[in-house]
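The values are calculated or read from the model by the stated rules, or taken from the named source; none is laboratory data. Quick caveat, the model's predicted, so the values are computed rather than measured. Every residue, glycine among them, receives a Cβ derived from its backbone with ideal geometry; neighbour counts consider all protein chains shown.
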Amino acid sequence: MTKIVERQEIRTILDRVGSADIVVGIPSFNNARTIGHVVRAVQAGLAKYFPGHKAVLVNSDGGSRDGTMDVVRSTRIEDQAAILVHHRIDPVPVIATPYEGIPGKGSAFRAVFEISDALNAKACAVVDSDLRSITPEWVELLLKPVLREEADFVAPLYHRHKFDGTITNSIVYPLTRALYGRRVRQPIGGDFGFSGKLARFYLAKDVWGTDVARFGIDIWMTTTAVANGFTVSQSFLGAKIHDTKDPGADLSAMLYQVVNATFGLMETYPEVWKKAQGSEPVRTYGFQYAVGLEHVNVNVERMLGIFREGLRNLREIWIAVLGQGDFGEVEALGNTGDEAFHFPRGLWSRIIYDYALAYHQRRLPAEHLIKSLTPLYLGRTASFVLEMRDADQSGAEEEIERLCEEFEKNKEYLLNNWK
Amino acid sequence: MSDFYQTGVITTLHRLGKPSLERIEGELLHFSRTRPVALVLPALYSEFEGPAMPKIVEELSKVKYLCEIVLVLDKASDKEFQKVREFMAPIPGDVKIIHNDGRRVMEIYDTFKRNGLSVGERGKGRSAWLAYGYVIANGKCDVIALHDCDIVNYSREMLARLCYPVANPNLDYVFCKGFYSRVTNKMHGRVTRLLVTPLIRSLQSLGGEHRFLKFIDSFRYPLAGEFAMSTDMARVNRIPWDWGLEVGSLAEVYRNYSPRRICQVDIADTYEHKHQVLSSEDPEKGLMKMTIDICKSIFRTLASEGIVFSDGFFKSLSVAYLRLAEDTIMKYEADAAINGLEFDRHEEAKAVESFARAIAMAAETFMKNPMGTPLIPNWNRVTSAIPGILDMLKKAVDEDNR
Amino acid sequence: MQDFLTLVLEPFREVFAGFKRFAPNMLAMLTILIGGLVFARIVRALLRKALTALSFDAWSDRMGFTVMMRKGDLWTKPAEAVVRVVFWFLVIFTIMIGLSALKVHAVNTLVAQFFLYLPRVLSAVLILVIGYVAAGFLSRTVLIALVNNGYHYAKVLAEAVRLLLIVLILAMALEQLQVAPNIVVAAFSIIFGGIVIALAIAFGAGGIEAARRIIEKGAAEKSEGKDDIQHL
């Protein structure tokens, strides 16, 4: 496979630019509607906070047909004075190019890493192209810790609605925190800052022909940084509001992608997570403020319906994964009514560990295994929604904290059974 | 009829007034809808030729609340297995007989062995354990009750009282052990009266208060073979396969559950079963082997609780035990006198001497090999080693009973 | 008189001549049979040793092959089963070669047919094994997908898929073996079609209520809108 930097038109731009301090990457696929806003925010952020640094903006596109790249190329801050106090003479060079390799966000990021490597960048950031709530400050918050050489990796920290991001809150965050011992609250946030050194480290990894190139790049970046001893921090960015392009996206497919990536990394770094004990907070940048959030509709009845359907139909699979004991407890949940439904935290953490073990022992094909987790996940989510109905943001956050403690407490079970 | 005094750290459920069997069975039938009960019966073929079994079958035929009966038959040929099936046929409901010496079940045992799981030699412990596995595999029952098959004066009231505390969802007990007085024209239960209780108390007087000793001492009849437990307990508890079965099982209960959820229940006014012959010479035989195993089991549990044993300690223990056991004989002599029971003081003294020797022998083997015989692994461990084992076991038993 | 003697002796002579011609073949057959049996026994002993050394039994316990055998009420040890299959295969093979050494025309064609048929047997076995695994896989895919979308009767439908696939695979295997091919194709069409029609009728007539519920549920969901919770 040819490297993207060897392509003629890219080469020309790179030669003209020579080197850069900062590279900001935006992966995209049919995001013409939203990407303009993101590009403007990034340009404003670079102009406002890094006027003395040489920066390059890279749009790594997956073959959009709605003119995404044209939007990127033509977007300029029309009235700089209105936004900026300082004047900036030269505009930020923009590289908008289709990436190579397996279609997916991972391949898009790979192109960003390559360009940052070729330009010998000190700091990089990547932001999603469907963000509606991005502000110029994000650029500063993601890049400053890296430029000041205080961090190699900056994860995002958002305020989200208490019922949003449930896969993160109930699986990915508690699991990665218990495994690797670092409290990175949004390991799959999608907006990251990282050093040029780390970008080169990513690039050298031989994963670009695997699932990482398609999806699961977010958790891969976070875990790789944590597991290889890079300094990790997080920055508070405010609210995350993005344009969900495909609201009907299949939940179990989403769950499969994320959980498969997380479990896959457990196979890569067993020696690291076996040693980690407890967890410690990471340094957090940014001024935390309350954010008004939109109301979220939740159909608990439907979730519980699917959970009970799972109980009726997936019995054999669940017994094979959970064993009779924990399955018995799950079965007992099936008898409680909607209002009294309570999915205990300890049980949930054991279930996730049981699934990790079943994945490790290849008891079922990975896709079947993880998709069969969906009804259990919906059961746990429904229980969370019911219990947190009247709680505020911080109440829900406390509940997540308690869940994490449960994961840390039960980690021994995982260690003892991992063979 | 007993008093209502509560002993020790566990709950004691007495037999007070004249409890109605009909009422208790009615309630059990009601509970069994939410907490179905399985009865496990470890049996030897020879017991079917004795006097106890016909009576037991007759009584069990009248029990309606049981969801299944699992009889583990040991030391039987294929022909004898068929005979036992006919023998058990009058009992309505789901009766399964595990043919321990049948080719299917033998193959199951071999499967354990070749996967590095040591389940010990044949005996009540191993049989009961296999039966739990079958109950777990069936997945129908939440409560398991167990009693021996050599009870001459069996009444189904024993079973009902045994099951009640665990089957009743309002009581929240996970383990319930039976107790009863072993009196005919004289007092029986020598091992409990003259070995276990004096030994536990002399250990307490030497080594100071210990929670496990207090726990064991709370049981009125720690060697009783009758108990009921939640099926979950059968998943996590490991059990010894030798004569230390009863004491070792109590040790596992102690290890895994709070004493608040443990109780003992008075199940019968009197109780009679076949008696072991005391052979003071050959330690591998009868009562002597049993007492040694029991002592070893107690020592081992205490050692695992962090108590350090030494030669000196065991020497003092022998002395302390002897004195306490002699005092105990005197107490029972008085007890026998007032009740007009036969009492052979000489026999009792001889028993104490044998027990003292057993303690010494157990101490010696313990010092040589503190780890001793391993317990049978619990079912959770077994299923993680051989994922399909429960299915295999179920298939083997179901095919045998077809 | 001389003629008569010749007449009487001639058949004997002929039989003897025939026997003389046939005897080496007979001997060859016996040698092959004995050699083959000895070979099969050696292979059996070696295989038994090798499988024991590899703890094949424990391995197949963990991999779930033992469970599959037990579910079919086969209680021999897995290694022993493999050993037996190999042994009997070798024995049959030897017998066939031995028979062909007799050089009897009728037997020869039989043996030739046997060897021509062998590849078909192998491919039929292959179809069965692969098909069985594939049927299980597909039916589980259907099951999980239906459950995750909250449909009733997921298990019934998944089982129906498995049943159809197994019928299909059996028909393919039989077709491969060329056991009465016409009947197999006809029977397959009837059974397959029958199952489909039965399902259609069961769902249409018996399950009108259920069908309506499923359809209404789908429609209701679309109209009321699902929750806008963002899982990621």
Test set (1) farther than 17 Å from B:Ser297 by Cβ; (2) in a loop (DSSP other than H, G, I, E, B) - B:Thr373 fails condition number: (1)
Filter result for A:Arg362 (assigned to a helix (DSSP H, G or I), within 12 Å of another protein chain (Cβ to nearest Cβ) and among the basic types (Lys, Arg)): no
Is it true that A:Ala382 is closer than 17 Å to C:Val147 by Cα and touching a helix residue (DSSP H, G or I) at 6+ places or on another chain (Cβ under 9 Å)? yes
Given the criterion of a type outside the set (Ser, Thr, Tyr), outside any loop (DSSP other than H, G, I, E, B), within 14 Å of chain C (Cβ to nearest Cβ) and under 25 Å from the mean Cα position of the chain (by Cα), identify the matching residue among B:Val382, B:Val352. B:Val382
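For every residue, the table says whether it meets (1) without any contact (Cβ under 8 Å) to a residue 60 or more places away in the chain; (2) within 13 Å of another protein chain (Cβ to nearest Cβ); (3) not hydrophobic (A, V, I, L, M, F, W, C); (4) not in a helix (DSSP H, G or I).
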| residue | (1), (2), (3), (4) |
| --- | --- |
| A:Asp128 | no, yes, yes, yes |
| A:Val139 | no, no, no, no |
| A:Glu150 | no, no, yes, yes |
| A:Val154 | no, no, no, yes |
| A:Leu157 | no, no, no, yes |
| A:Phe163 | no, yes, no, yes |
| A:Val172 | no, yes, no, no |
| A:Leu175 | no, no, no, no |
| A:Leu179 | no, no, no, no |
Among the residues of the stretch B:79-94 satisfying the criterion of being of a type outside the set (Phe, Trp, Tyr) and assigned to a helix (DSSP H, G or I), which is nearest to B:Val57 (Cα to Cα)? B:Met88
Name the single residue that is farthest from A:Ala125 (Cα to Cα) among those in the stretch A:18-54 being assigned to a helix (DSSP H, G or I) and in contact with a strand residue (DSSP E or B) (Cβ under 6 Å, 6 or more places away or on another chain). A:Ile35
A:Glu329 vs. criteria without any contact (Cβ under 8 Å) to a residue 40 or more places away in the chain and not in a loop (DSSP other than H, G, I, E, B): yes
Suppose the filter is charged (D, E, K, R) and surrounded by fewer than 17 Cβ atoms within 10 Å (Cβ to Cβ); does B:Asp142 pass it? no
Unique match (being more than 21 Å from A:Thr262 (Cβ to Cβ), touching a residue at least 12 places away in the same chain (Cβ under 8 Å) and crowded, with 16+ Cβ neighbours inside 10 Å) among A:Leu386, A:Leu373: A:Leu386
Within the stretch A:220-258, tally of residues that are modelled with pLDDT under 95 and either within 12 Å of chain C (Cβ to nearest Cβ) or closer than 28 Å to A:Gly379 by Cα (or both): 20
When you go through (1) of a type outside the set (Val, Ile, Thr); (2) in contact with a Lys or Arg (Cβ under 7 Å, 6 or more places away or on another chain); (3) closer than 19 Å to A:Gly310 by Cβ one by one for C:Ala135, which number turns out not to apply? (3)
For the stretch A:209-238: of the residues being surrounded by fewer than 19 Cβ atoms within 10 Å (Cβ to Cβ) and touching a residue at least 24 places away in the same chain (Cβ under 8 Å), which is nearest to A:Lys105 (Cα to Cα)? A:Arg214
The lone exception for A:Ile167 - which of (1) out of contact with any His (no Cβ under 9 Å at 6 or more places or on another chain); (2) surrounded by fewer than 24 Cβ atoms within 10 Å (Cβ to Cβ); (3) among the aliphatic types (A, V, I, L, M); (4) within 14 Å of another protein chain (Cβ to nearest Cβ) it fails: (1)
What residue, among those in the stretch C:146-160 that are assigned to a helix (DSSP H, G or I) and surrounded by 18 or more Cβ atoms within 10 Å (Cβ to Cβ), is nearest to the chain's Cα centre (by Cα)? C:Ala160
Tell me which of these C:Ala79 doesn't satisfy, since it passes every other one: (1) closer than 30 Å to A:Leu373 by Cα; (2) in a helix (DSSP H, G or I); (3) within 12 Å of another protein chain (Cβ to nearest Cβ). (1)
Just give me the residues in the stretch B:136-165 being aliphatic (A, V, I, L, M), within 22 Å of B:Ile262 (Cα to Cα) and more than 14 Å from chain A (Cβ to nearest Cβ), in sequence order. B:Ala145, B:Leu146, B:Met158, B:Leu159, B:Ala160, B:Leu162
Residue among C:Arg120, C:Arg62, C:Arg70, C:Arg84 that alone is of a type outside the set (Phe, Trp, Tyr), within 30 Å of B:Asn115 (Cβ to Cβ) and away from every other protein chain (no Cβ under 14 Å): C:Arg84
Across the stretch A:273-315, what is the number of residues that are in contact with a Phe, Trp or Tyr (Cβ under 8 Å, 6 or more places away or on another chain), facing chain C (nearest Cβ under 9 Å) and either surrounded by fewer than 15 Cβ atoms within 10 Å (Cβ to Cβ) or not in a helix (DSSP H, G or I) (or both)? 2
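Here is a yes/no grid of residues against (1) surrounded by 15 or more Cβ atoms within 10 Å (Cβ to Cβ); (2) within 10 Å of chain B (Cβ to nearest Cβ); (3) touching a Lys or Arg at 6+ places or on another chain (Cβ under 9 Å):
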{"residue": "C:Pro24", "(1), (2), (3)": "no, no, no"}
{"residue": "C:Ile34", "(1), (2), (3)": "no, no, no"}
{"residue": "C:Arg41", "(1), (2), (3)": "no, no, no"}
{"residue": "C:Arg44", "(1), (2), (3)": "yes, no, yes"}
{"residue": "C:Leu47", "(1), (2), (3)": "yes, no, no"}
{"residue": "C:Leu54", "(1), (2), (3)": "no, no, no"}
{"residue": "C:Trp75", "(1), (2), (3)": "yes, yes, yes"}
{"residue": "C:Phe89", "(1), (2), (3)": "no, no, no"}
Do you know which residues across the stretch B:159-187 are touching an Asp or Glu at 6+ places or on another chain (Cβ under 7 Å) and assigned to a helix (DSSP H, G or I)? B:Ala160, B:Leu162
